[in-house]
């Protein structure tokens, strides 16, 4: 209840009555449904906790014992070593009777996460030959002090049989699977790309809330939900595991599917424990490590080595490389790279490539570094550089650095404006001694670049509409890249290589109306020129036999469909789907065949092709036979019905004669001579397929 106000002494016009303030107390039946967290969330997060003074304290053992005259120097060294993990708000150096430090110290950080990071990265840190740090949290001492004398093994967890997660690889006909999202994102379906018609394997409503993603080797299907990620697999697509991460919007698998990275950009960065980016173990479902996100967020945050042993990210003027399964910094420290802009791993080797921007009179530079030795195995200085993009060839044989060079640069406030832009392609030969570098200059604007996945060719789209040209080059040992073919004035803005090489699709997506050209780069024959109007996406299947063109509802609100083509450009199926959104082929793991085995198979391809053609004809014949049997069944039903009606007609003849006064009217109008027979012939289908000798 609010207290009464004192009546002003100079108020003589109120008749002597006292005024009361309104009553702000709640009524008896009032229910307070607003929590303290909603009302005072920011303040409650800053509320001191009982453990605040302890959880952020670490103990560092193995520190040199020094006297008072060298203590300040020691403190400066310690601060320099630990400052990168956060502000040190307190430090204590115990000393003995002789005034020397005792060899261990106490450091207090501003929060628990900074202390955890300091212990993780500075434990076993080698200061010099005689001193190696042993770092522990202050709270760990109680935990270690209460360890029982007798070891009690943890209870064994029952084995969970997930079934055959790679059953799809055992298909006799090697048909691939693909997923589609339809109905504006509310329905997800999995199909087997069978011949002659795709077969539905699974279809579920609300399977995902946004989109789906296959793991790199096709073992898992990931779906997105408000509370986290779910992984599905096996013949019936049962839920294999789930990872709780509210608000997750992006995920990334490691190449060998051992780990999955989830990213929730909406998480509060002020929380004590990092929650924006979490790395999980896929098989066990355990959380391995968490990180805070940068502002603005960049995705993917981490890039993985091909064997899952390392992952890395760019921090301020440094490249942080982490190792698994410890998830700590490699050698306890980042690689100092002032001015680093971009980096990438080799698809097959533990080699990092990164580039550094120009800095006044210091030129830009591309460097190749071997991990874990950190040995710099190749560098290349670049001049007049506005930007760089690095593209690895899938087999790791080559690295292309697309360099945008300028003729003039003008600084305006905090920005630099470039003019006279032209392009250079720096090709690194990774398998040759000394890693030689070839240069290729292109004066026109570059729209797209793509390596042939398994050979030594690459394609470039240059120019602006309507003068768009497509150039194909071949990389040669000891020589500059040679131009193989130039296709002029092509309606395309993207090129998509088959996963097996040789064949490429030139596509004019989105604003170029969906023009498609299928090219065989063996002799640069244009096998087919066609169109899928307003196509937004092109997706090759993992074997390079089929390609899908899509008009996604996410990019275009009408004519949503996906069409399936052969690699030669023959349209096999046209599927118009209401509010179709996404098509993704299920990946396949790397082949276990050696390169010699693959060469032998290609050598004998004609022998295998004959048996494959017989199987294809049998499949189509089976489909035709099913249609014929269905028609024969319908004809049999009709014949039986006709027979019954004729018998009924004959049995009712006496009744008709009696009703018509004995007059037989059944044959009055039946004159067979009034009918004429005409034979009509027309062409049903004609198809010509050229077969190479």
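Filter the range 96-112 for residues that are at pLDDT below 85 and under 19 Å from residue 79 (Cβ atoms); which is surrounded by the most Cβ atoms within 10 Å (Cβ to Cβ)? Give the steps one after another, and end with the answer.
The initial filter retains those residues of the range 96-112 that are at pLDDT below 85, namely 110-112.
Going one step further and asking which of them are under 19 Å from residue 79 (Cβ atoms), we end up with 110-111.
On the way: 110: 14, 111: 17.
It comes out as 111.
Any residue at all in the range 168-175 that is touching a residue at least 12 places away in the same chain (Cβ under 8 Å), over 30 Å from residue 210 (Cβ atoms) and in contact with a helix residue (DSSP H, G or I) (Cβ under 6 Å, 6 or more places away or on another chain)? Lay out the reasoning, then the answer.
Keep residues of the range 168-175 that are touching a residue at least 12 places away in the same chain (Cβ under 8 Å), which gives 168-169, 171, 173-175.
Filter once more, keeping what is over 30 Å from residue 210 (Cβ atoms): 173-174.
Imposing the further condition that a residue be in contact with a helix residue (DSSP H, G or I) (Cβ under 6 Å, 6 or more places away or on another chain) reduces the set to none.
Looking through the range 168-175, none of the residues is touching a residue at least 12 places away in the same chain (Cβ under 8 Å), over 30 Å from residue 210 (Cβ atoms) and in contact with a helix residue (DSSP H, G or I) (Cβ under 6 Å, 6 or more places away or on another chain).
Per-residue answers, yes or no, for (1) touching a strand residue (DSSP E or B) at 6+ places or on another chain (Cβ under 8 Å); (2) surrounded by 14 or more Cβ atoms within 10 Å (Cβ to Cβ); (3) not in a strand (DSSP E or B):
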residue	(1), (2), (3)
128	no, no, yes
136	yes, yes, no
149	no, no, yes
152	no, no, yes
175	yes, yes, yes
190	yes, yes, no
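Filter the range 542-554 down to the residues that are assigned to a loop (DSSP other than H, G, I, E, B), out of contact with any helix residue (DSSP H, G or I) (no Cβ under 9 Å at 6 or more places or on another chain) and within 13 Å of residue 180 (Cβ to Cβ) and list them by number. Break it down into steps so the answer makes sense when it comes.
To start, the set of residues in the range 542-554 that are assigned to a loop (DSSP other than H, G, I, E, B) comprises 542-545, 552-554.
Filter again for out of contact with any helix residue (DSSP H, G or I) (no Cβ under 9 Å at 6 or more places or on another chain), leaving 542-545, 552.
Matches in the range 542-554: 552 only.
I'd like to know if the range 208-220 contains one or more residues that are crowded, with 18+ Cβ neighbours inside 10 Å and under 30 Å from residue 613 (Cβ atoms).
Yes, some residue in the range 208-220 is crowded, with 18+ Cβ neighbours inside 10 Å and under 30 Å from residue 613 (Cβ atoms).
Test residue 516 against the stated conditions and say whether it is under 17 Å from residue 563 (Cα atoms) and modelled with pLDDT of 90 or more. Write out each step before concluding.
Working: under 17 Å from residue 563 (Cα atoms): yes; modelled with pLDDT of 90 or more: yes.
Judged against the criteria, residue 516 is a match.
Would you check which residues across the range 528-541 are assigned to a loop (DSSP other than H, G, I, E, B) and surrounded by 16 or more Cβ atoms within 10 Å (Cβ to Cβ) and list them? Don't jump to the end; show me each part of the working.
Going through the range 528-541, the residues assigned to a loop (DSSP other than H, G, I, E, B) turn out to be 532-536, 541.
Once the filter is applied, which keeps residues that are assigned to a loop (DSSP other than H, G, I, E, B) and surrounded by 16 or more Cβ atoms within 10 Å (Cβ to Cβ), the range 528-541 yields 532, 534, 535, 536, 541.
Which condition does residue 197 not pass, out of (1) closer than 25 Å to residue 546 by Cβ; (2) modelled with pLDDT of 90 or more, if it passes all the others?
(2)
Please verify whether residue 521 is surrounded by fewer than 22 Cβ atoms within 10 Å (Cβ to Cβ), under 30 Å from residue 423 (Cα atoms), in contact (Cβ under 8 Å) with a residue 60 or more places away in the chain and in contact with a strand residue (DSSP E or B) (Cβ under 7 Å, 6 or more places away or on another chain), treating the condition exactly as stated. I'd like the intermediate steps shown before the answer.
Details: surrounded by fewer than 22 Cβ atoms within 10 Å (Cβ to Cβ): yes; under 30 Å from residue 423 (Cα atoms): yes; in contact (Cβ under 8 Å) with a residue 60 or more places away in the chain: yes; in contact with a strand residue (DSSP E or B) (Cβ under 7 Å, 6 or more places away or on another chain): yes.
Spelling it out, residue 521 is indeed surrounded by fewer than 22 Cβ atoms within 10 Å (Cβ to Cβ), under 30 Å from residue 423 (Cα atoms), in contact (Cβ under 8 Å) with a residue 60 or more places away in the chain and in contact with a strand residue (DSSP E or B) (Cβ under 7 Å, 6 or more places away or on another chain).
With the requirement that a residue be assigned to a strand (DSSP E or B) and exposed (fewer than 13 other Cβ atoms within 10 Å of the Cβ), what does the range 457-484 give you? Walk me through it before giving the result.
Going through the range 457-484, the residues assigned to a strand (DSSP E or B) turn out to be 457-464, 467-474, 482-484.
Within the range 457-484, 464, 467, 482, 483 meet the criteria.
The values are calculated or read from the model by the stated rules, or taken from the named source; none is laboratory data. Predicted, not measured: the structure shown is a model, and the values here were computed from it. A quick note on method: Cβ atoms are made from the backbone with ideal geometry, for glycine too, and the neighbour counts reach across all protein chains shown.
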